[in-house]
2 protein chains.
Amino acid sequence: MKSFDIDVLKFNERGLIPVITQDYQDNAVLMLAYMNRESLEKTIETGRAWYFSRSRQKLWQKGETSGHFQNIKSIYYDCDADALLLKVEQVGGISCHTGKRSCFFREIGVDS
Amino acid sequence: MKSFDIDVLKFNERGLIPVITQDYQDNAVLMLAYMNRESLEKTIETGRAWYFSRSRQKLWQKGETSGHFQNIKSIYYDCDADALLLKVEQVGGISCHTGKRSCFFREIGVDS
């Protein structure tokens, strides 16, 4: 493993950082979730996505109940070090709790 | 324009919602930023991306100083209505203030 110093990252006042999760094959954006330090450590260690649930205030492994695990292909952080991007293999092809592939399935119209 | 009720969206305690911006052609994730209600309204009205700067506490049109405007192709919101996804044409091919195409240019190593 390349050693990575998590202290480089800027977690917010709640100890969280937003995470964009993208399909590594076609780059579809699957979901936006949050990690705390511990969930990022577990993600790096296990090679599977772990997030922090703001509503339940606990760590959760994506797929722990649905079986729709996310196998990590790569992890990036942004220029401000306050956002993460995961490229994953989405087991079962479904990331959303609604049964859709992506959580972003509703469109807003634009004027122009 | 399809009418869209912005009140459907859940802005956070600071009145902001996170926004993933993606290249409409190859789905590359370019940046993560934030919008308040007014910036989303301006984005919908003008067809160009407007964000809210947390550091400067003001509205900004992406590209207003660099010329790297983002022309909106489509806007999506997620299952929880607390995150947005923009598909854009990135003018100049550069979205990051560092001069890179994407803000997510640094990789974190993974164990497995």
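The values are calculated or read from the model by the stated rules, or taken from the named source; none is laboratory data. It should be emphasised that the depicted structure is a prediction, and the values quoted were computed from it without experimental measurement. Positions of Cβ are backbone-derived with ideal geometry, glycine not excepted, and every protein chain shown enters the neighbour counts. Areas reflect the complete protein model, heavy atoms only, side chains present, ligands, DNA and RNA absent. Shrake-Rupley method; radii C 1.70, N 1.55, O 1.52, S 1.80 Å.
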### Message
For B:THR65, A:THR21, B:THR46, give me the order by solvent-accessible area with a 1.4 Å probe, most accessible first, ignoring ligands, DNA and RNA.
### Response
B:THR65, B:THR46, A:THR21
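Taking Cα pairs under 8 Å and at least six residues apart, what relative contact order does chain B come out at, in percent?
Numbers: 202 pairs, mean separation 28.1, N = 112.
Computed value for chain B: 25 percent relative contact order.
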#### Entry: For the protein assembly as shown, with +1 on Lys and Arg beta carbons and -1 on Asp and Glu, the positive-most of A:ALA81, B:ASN27, A:PHE69 along the dipole
A:ALA81
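Give the value in nm², to one decimal: projected area of the alpha carbon convex hull of chain B, averaged over all directions.
Numbers: hull surface 34.6 nm².
Its Cα hull, projected and averaged over all orientations, spans 8.6 nm².
In Å², and per residue, what accessible area does chain B have when probed at 1.4 Å with the other protein chains present?
Details: 5230 Å² over 112 residues.
Normalised by residue count, the accessible surface of chain B is 47 Å².
Using the Kirkwood radius built from alpha carbon pairs, what does the Stokes-Einstein equation give as D for the range A:3-68 at 4 °C and 1.567 mPa s, in µm² per second? All intermediate terms of the calculation are to be shown ahead of the outcome.
Values: Rh = 12.7 Å.
D = 102 µm²/s.
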### Message
Quick check for me: using +1 on Lys/Arg Cβ and -1 on Asp/Glu Cβ, what's the dipole size of the protein assembly as shown about its Cα centre, in debye to the nearest 20?
### Response
100 debye
## Note on the structure
If labels are modelled 7 Å from Cα along the Cβ direction, A:GLN57 lies from its partners in the other copies at nm distances, smallest first, of 2.9
#### Entry: Structure-based [θ]222 nm, chain B - -39500 (n - 2.57) summed over DSSP H runs of at least 4, per residue, nearest 500
-2500 deg cm²/dmol
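Around B:LYS87, with a cut-off of 12 angstrom between Cβ atoms, what is the net charge of the other residues, counting Lys and Arg +1 and Asp and Glu -1? Don't skip to the answer; put the middle values down first.
On the way: positive: B:LYS73; negative: A:GLU107, B:ASP23, B:ASP26, B:GLU89.
With Lys, Arg at +1 and Asp, Glu at -1, the neighbours total -3.
Of all DSSP beta bridges in the protein assembly as shown, what percent run antiparallel (nearest 5)?
On the way: 42 of 52 bridges.
Close to 80 percent.
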### Task
Scan chain B for the residue whose Cβ is closest to the axis carrying it onto chain A, then write down that distance in whole angstrom.
B:ASN27, 2
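What total accessible area, in Å², is buried where chains B and A meet, using a 1.4 Å probe and rounding to the nearest 100? Each step should come with its number before you reach the end.
Values: alone 7280 and 7300 Å², together 10490 Å².
Heavy-atom accessible area buried at this interface is about 4100 Å².
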### Label-point separation in nm, A:LYS58 to B:ASP26, each point 7 Å along Cα→Cβ
4.2 nm
### Query
How far is B:THR98 from itself in the other copies, in nm, if each label sits 7 Å out from Cα along the Cα-Cβ line, shortest first?
3.4
#### Entry: Label zone at A:THR46, where the point sits 7 Å out along the Cα-to-Cβ direction: the range A:57-85 residues whose backbone N lies under 14 Å
A:58-72
### Query
Could you work out Rg/(2.2 N^0.38 Å) for the protein assembly as shown, with Rg from alpha carbons only?
0.97
### Query
In nm, to one decimal, how far is the B:SER66 label point from the A:LYS10 one, both placed 7 Å along Cα→Cβ?
1.6 nm
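The range A:45-112: which GluC sites (Glu not before Pro) are DSSP loop and have at most 15 other beta-carbon atoms within 10 angstrom?
Counting only loop positions with at most 15 other Cβ atoms within 10 Å, the GluC sites (Glu not before Pro) in the range A:45-112 are A:GLU64.
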### Query
What is the Cα centroid distance between the range B:1-63 and the range A:1-33, reported in whole angstrom?
20 Å
### Task
Tell me the distances, shortest first, between B:VAL8 and the same position across the other copies, using label points 7 Å along Cα→Cβ, in nm to one decimal.
3.9
## Note on the structure
Checking B:ALA33, B:ALA49, B:ALA81 against a Gaussian network model of chain B (alpha-carbon springs below 10 Å), the top fluctuating residue turns out to be B:ALA81
